[in-house]
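K.L.:
Shown below is the structure under consideration.
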Amino acid sequence: MNTVPKSERKHIVFIGRRNAGKSSLVNAFSNQELSIVSNTPGTTTDPVKKAMELLPFGPVVLVDTAGVDDAGDLGEKRINKTVKAISSADFVIFVFDALHHLTEVERDYLKYLDKIQTPFICVLNKTEIGVNRELIDELMAQNRKIFKVSCFDQSGITALKDAVANLIPIEKELPLVSDLVKPGDIVVLVVPIDLGAPKGRLILPQVQTIREVLDEDAIVIVTKDKELASTLQRLNEKPKLVITDSQAVMSVADIVPEDIKLTTFSILMARYKGDLQEFVMGIKQIDKLEHGDKILISEACTHHVQEDDIGRTKIPGWIKQYTQKDLNIDIKSGRDFPADLSDYKLIVHCGGCMLTKKEMQTRIKQAEFAAAPIVNYGLIISYIHGAIPRALEPFTEAIEYWNENEDKIPV
Ligand SMILES: Nc1nc2c(ncn2[C@@H]2O[C@H](COP(=O)(O)OP(=O)(O)O)[C@@H](O)[C@H]2O)c(=O)[nH]1
Ligand code: SF4
Ligand SMILES: [Mg+2]
């Protein structure tokens with residue numbers, strides 16, 4: 001279970017007021033002491049994460065957070081961290097002190113969870129002392145799912161775990177490439193090894209693709225862009241599909257004959273994560289940009305900035321060259337995703353491989369709320385370099401969507 005990457009595990013985030021018993025509940029839930037429990041408000045500063053196996057559901061990560069009502073300067077930052085922790089949540093456990101009334105902050109968070117459509121339950125803790133009738137009446141009036149527990153005498157904890165295991169949404173696993181190949185097909189992967197490639201290994205989307213092709217009993221050939229033409233020449237059978245790194249898409253599209261299907265790892269990943277439709281919608285916004293428009297380039301990790309960095313140098317350069325417009329480009333990295341996106345005319349997001357699916361979906365939803373079109377690096381690179389719609393063609397739904405919405409791209 002420890003080999004399941006964190007970004008693939010479901011995140012259960014515990015929120016609530018200071019002293020409601022979030023940390024105690026995380027401990028009771030996991031049967032492990034991992035969060036500091038204290039009656040001094042505001043002890044849990046940064047979200048604390050713990051991986052566990054929640055049976056019968058499977059591997060999850062429990063995330064303990066600071067109080068939603070944490071006060072002061074530092075507190076504000078902590079609250080922000082709670083909002084960020086929620087954005088990665090597949091499921092939220094909202095912990096209440098059963099003896100207290102509902103406060104304004106708690107009401108706001110209930111509304112916020114409704115707005116971002118994150119499933120959650122309300123857990124009333126400390127019920128061995130009693131339950132505040134008004135609290136339970138107000139939550140019931142809102143049709144909330146309510147559980148009563150006590151971390152002191154452990155009552156309700158097992159029932160809570162069973163309920164959560166059943167309530168965590170299970171999404172349909174989308175295929176990465178398995179639906180595009182049959183046993184015996186040849187699939188060629190183009191993996192340029194440049195300065196940006198990690199030393200001594202392949203990146204996750206490439207490894208996942210190789211594994212899925214092999215699982216389908218098909219044949220996978222991995223080559224660099226430089227050797228692609230010679231690879232194709234030496235095959236005595238046409239490959240079923242060529243999958244390339246987006247950065248090499250232009251030269252690869254020139255080499256691969258039109259009757260061989262071509263796509264990019266980035267498109268495969270976007271489809272796998274359920275983001276492709278939104279991104280396809282976002283692509284053409286680039287043709288509508290005007291002088292002075294604000295663009296956000298968002299990268300989910302902070303990394304050492306390289307010369308000719310993709311997010312900092314190459315993409316801004318290509319966008320400016322393609323549009324011939326004077327644009328205001330903001331570059332944000334790490335968890336620093338702006339809460340208000342309404343000023344942006346286009347958001348260009350990295351592949352998001354280190355984000356959970358839910359985290360990426362929340363970012364897309366935030367963009368949707370702000371009516372800001374969003375696209376990922378790979379798709380915008382492919383479009384600028386003339387490989388769209390060709391690289392969408394292997395995907396019936398995406399290409400239909402592209403064709404149908406050509407006139408309806410948001411302005
Ligand atoms: N009576 C009672 N006290 C509890 C219970 N759970 C936690 N507490 C106490 O409430 C205080 C705050 O707990 P903690 O887990 O640190 O709350 P957090 O700030 O929400 O993380 C501590 O003094 C705990 O011992 C419970 O079920 N019953
Ligand atoms: S999450 Fe984004 S920045 Fe981080 S490695 Fe993946 S694509 Fe690159
Ligand atoms: Mg705590």
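Coordinate-derived values only; no laboratory data. Remember, predicted model here, so these are calculated numbers, not experimental data. Positions of Cβ are generated from backbone atoms using ideal geometry, with glycine treated the same way; all protein chains shown enter the neighbour counts.
K.L.:
Please give the charge dipole size of the chain, origin at the Cα centre, charges +1 on K and R Cβ atoms and -1 on D and E Cβ atoms. Round to the nearest 20 debye.
P.N.:
With Lys and Arg at +1 and Asp and Glu at -1, about 660 debye.
K.L.:
What is the fewest-to-most order of T118, T65 by other Cβ atoms lying within 10 Å of their Cβ?
P.N.:
T118, T65
K.L.:
If you don't mind, another one. Principal axis lengths of the chain from Cα atoms, whole Å, largest first?
P.N.:
Computed over the chain, the largest-to-smallest principal extents equal 77, 51, 40 Å.
K.L.:
Roughly speaking, what % of Cα-Cα pairs in region 178-268 are separated by over 19 Å, rounded to a whole number?
P.N.:
Tail of P(r) above 19 Å: 34 percent of Cα pairs.
K.L.:
Kindly flag which residue pairs out of K111/K145; K22/K50; K238/K273 have an alpha-carbon separation exceeding 25 Å in this structure.
P.N.:
Long pairs (Cα-Cα over 25 Å): K238/K273.
K.L.:
If you don't mind, another one. Counting other Cβ atoms within 10 Å, which GluC sites (Glu not before Pro) in region 78-143 have at most 16 and lie in a DSSP loop? Don't jump to the answer; show the numbers that get you there.
P.N.:
Numbers: sites: E104, E106, E128, E134, E138; in loops: E128.
Hits after loop and neighbour filter: E128.
K.L.:
What is the distance in Å between the Cα centroid of region 184-259 and that of region 339-411?
P.N.:
Taking the Cα centre of each part, region 184-259 and region 339-411 sit 24 Å apart.
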